[in-house]
Structures are given as C-alpha cells and as structure tokens.
There are 2 protein chains.
Amino acid sequence: MGFSLLEERIRRDGTVRGTDILKVDKFLNHQIDVTLLEEIGLEFHRRFRDVGVTKILTIEASGIAIACFAAKAFGVPMVFAKKNKTKNIAGDMYTAKVESFTHGKVYDIIVSKDFLLPEDKVLIVDDFLANGAALDGLIALVRQAGAEVVGAGIAIEKAFQPGGDRIRAAGVRVESLARVAAMDEQAGVTFY
Amino acid sequence: MGFSLLEERIRRDGTVRGTDILKVDKFLNHQIDVTLLEEIGLEFHRRFRDVGVTKILTIEASGIAIACFAAKAFGVPMVFAKKNKTKNIAGDMYTAKVESFTHGKVYDIIVSKDFLLPEDKVLIVDDFLANGAALDGLIALVRQAGAEVVGAGIAIEKAFQPGGDRIRAAGVRVESLARVAAMDEQAGVTFY
C-alpha cells in the first residue's frame, strides 16, 4: 500500500527523464525536506513496529537522511555502510560487493564488526530500490554478522525493475512507500 | 564554549590514535546515536537562532546526519554538496575544489544551482573541522550563489590545527561544540 504523502510529493516535485530516471533531488536526495523524512520515518515505524527492530542499517550517502529519521522513530541507533575506496579491507569489517547499474561499476561496501551484532534485528532502509544490488549487499552484511534482517523499508521502488519482487520471493519483507508502476516524461509517474 | 553532552561522549566513547586521529565512529560517523544528534541540532539552534537561517548546507557523507537534525531544529531544508566523481560538470552546478589532507587528493564538490539562492542565509554544518578545506569549499559554493554564510556549526574542531582560527579571522562565525586542545593515546582528549 502506498504512502500518499510521498506519492503526492513525487507527482508534484519529481521529474521523469526518459522511462527510467526519476529525479527527486528537490526533496529526497540532494535538497532534503526533513519534515517529509520525519513522516517517512514514522510510516516505517507503523509498518515494522512489532518486529523488535534494534538497529537501522543503510548505505552512504543518500540513504543516511532517511535512516536518521527511521532510527529516531524506532529509538534505536543507525549504522551506515561505507563504500570502500581502498584496496585493503581490515579484518574488523564485514564486506560485500555491489554492482552499480547506474555507474557500471562494482564496489565494496563495508561495515565495522563492532556495529552489527548476532543479536541484532536489523531494518534496512534506503531511498531507492530498482535492481536490488545495494539491498542484496546490505542483507549480506547483516547475515555475515549472524544478525537477522527483519525487513527493508524503501522510499521509492521502481517496481517495473526486478529487485523488489526478487528479494521478496527470497523471503525478505520489503515495504516500499511509493511503488512506481511506470513513468514517462509526458504522462508522469503512475503508482501501484 | 563547549557543549558538555558531546565532550563527555567523546571522552567516553572516542578513541585517540597517535596525536592526530580521533575515532568517533561509535556515535557520530559510522554508527549514529540519533538522540545525541538531535541534541546537537538543538544546540546549533540555540547558538544561531537569531540570524535568520533559511538553509542548512553540509557535505556528503558524514555531515548529512548532523545536518538533518540541525535542519529539523531550524525548520528549514537541508542541502548536501556532493563529491563529484565525473570529469564533466554541468552548467547548472556550483563547484569548488577541496584538498583532502586525510586522503591526499583534490576533489570537486558540487551543488545544484536550484538549491542555493541569492536570498538564502546559510548555516554550514559539519562533523569535523581541522584544516578547514571542506569548510572553505562550502563557503565558496554559497558565495557563488550570491547567498550569505551566516555561520558554521561544527561538532568537533581539532583546534590545534589551523582551519578554525583562519576561517574566524576571515570573518565567518564558527561555533564548534567540542574544541579539542590536544589529544594523546594515554592522556585522552583535552578540550578548550
């Protein structure tokens, strides 16, 4: 079920380029409307309040803002995975490979072993879900720690791309607040 | 004047390596204590409430979390400058060069012209201030827009490095919540 506050904002302030690019940098990932993000955090809390979340996990950079307000709504710490720039990975890090379709590169994401513990129940949060590569990587980090992925809270899912359905079929509860069915420069965005 | 809540947290959970590296990734820039960050945002608001702030500006990635809570305290939008990865910079961006002493590289930071306007009164926010290179770059972006820098709110200033004093001498009001006078692996951190 969509979250109308976000869907309406995408209709009003989002820009479609071609059939694949949805620019939301006016309110979500360059300029940030923190009032909207606070509402998004509360909505994630309404959807995942009963699963015992102990930690919010996201990936730098554009997931951090949403994850902050999710962590505030749940009253738990937030951890963000870093995109690794160096070749050497210290032994005190969990690591996973992520293939970026946007940039055509493979990069490592890392998180300190100090901040994902076997007893953690982790809600993964991100701004976008499309092919699911970043979400796959974050799930891998949690499982390396022996912790539990209790779900993924996504702001915008490009539901015409395969990531969301694939990851749900693998047994992860994915809740997307705006599920884009199709988009077009003239017609705009339609949601499921 | 220091902000004791942050100073005490640095004493308790920060780790000094050598005489120059202060690791605060337990609460400030890898795992994030959002309760502490909310208090930091409120403290920035107490210090800058009377200068008509219209926008918070920071730089990805570790400034984003603090800037979110500053923006919430002021009730204004947050904008984060991006570290540019591509050679081509579109004409709709303000851009500045930043020399990283930590990584020994020069990189571009960019912000869309849509999000810094001549009438903006900008409070720049960041987690660390040392040599001041990132802050110089952010100030340059604001001035390219014809906007006003009303101040800089910094969580931790390494006050034994020259950035803070240099930028204050140039006329920018810099408020740092924890000003580190010296640090040492045995003796820990001392504050001004």
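Does A:T190 count as of a type outside the set (A, V, I, L, M, F, W, C), free of Cβ contacts under 8 Å to residues at least 60 places away in the same chain, assigned to a loop (DSSP other than H, G, I, E, B) and closer than 27 Å to A:V34 by Cα? So A:T190 fails the test.
Going through (1) under 22 Å from A:V180 (Cα atoms); (2) at the interface with another protein chain (Cβ under 10 Å from one of its Cβ atoms) one by one, A:R12 falls short only on (2).
For (1) away from chain B (no Cβ under 12 Å); (2) at pLDDT 95 or above; (3) surrounded by fewer than 20 Cβ atoms within 10 Å (Cβ to Cβ), each residue gets a yes or a no:
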| residue | (1), (2), (3) |
| --- | --- |
| A:N29 | no, no, no |
| A:V53 | yes, yes, no |
| A:T58 | no, yes, no |
| A:A65 | no, yes, no |
| A:N88 | yes, no, yes |
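Restricted to region A:10-21, and to residues there that are touching a residue at least 12 places away in the same chain (Cβ under 8 Å) and more than 15 Å from A:E157 (Cα to Cα), the residue that is surrounded by the most Cβ atoms within 10 Å (Cβ to Cβ) is A:D13. The requirement of being closer than 28 Å to A:A181 by Cα and either more than 9 Å from every other protein chain (Cβ to nearest Cβ) or within 16 Å of the chain's Cα centre (by Cα) (or both) is not satisfied by A:I109. Taking A:V189, is it over 18 Å from the mean Cα position of the chain (by Cα) and surrounded by fewer than 22 Cβ atoms within 10 Å (Cβ to Cβ)? Taking the combined requirement at face value, the residue satisfies it. The single condition from (1) closer than 29 Å to B:K105 by Cα; (2) open to solvent by less than 10 Å² (accessible area, probe 1.4 Å); (3) within 12 Å of chain B (Cβ to nearest Cβ); (4) not β-branched (V, I, T) that A:A71 fails is (1).
The values are calculated or read from the model by the stated rules, or taken from the named source; none is laboratory data. Since the structure is predicted, the reported quantities are computational estimates derived from the model, not experimental observations. Backbone-built Cβ (ideal geometry, glycine too); neighbour counts: all protein chains shown. All accessible areas refer to the heavy atoms of the entire protein, side chains included, with ligands and DNA or RNA removed. Shrake-Rupley method; radii C 1.70, N 1.55, O 1.52, S 1.80 Å.
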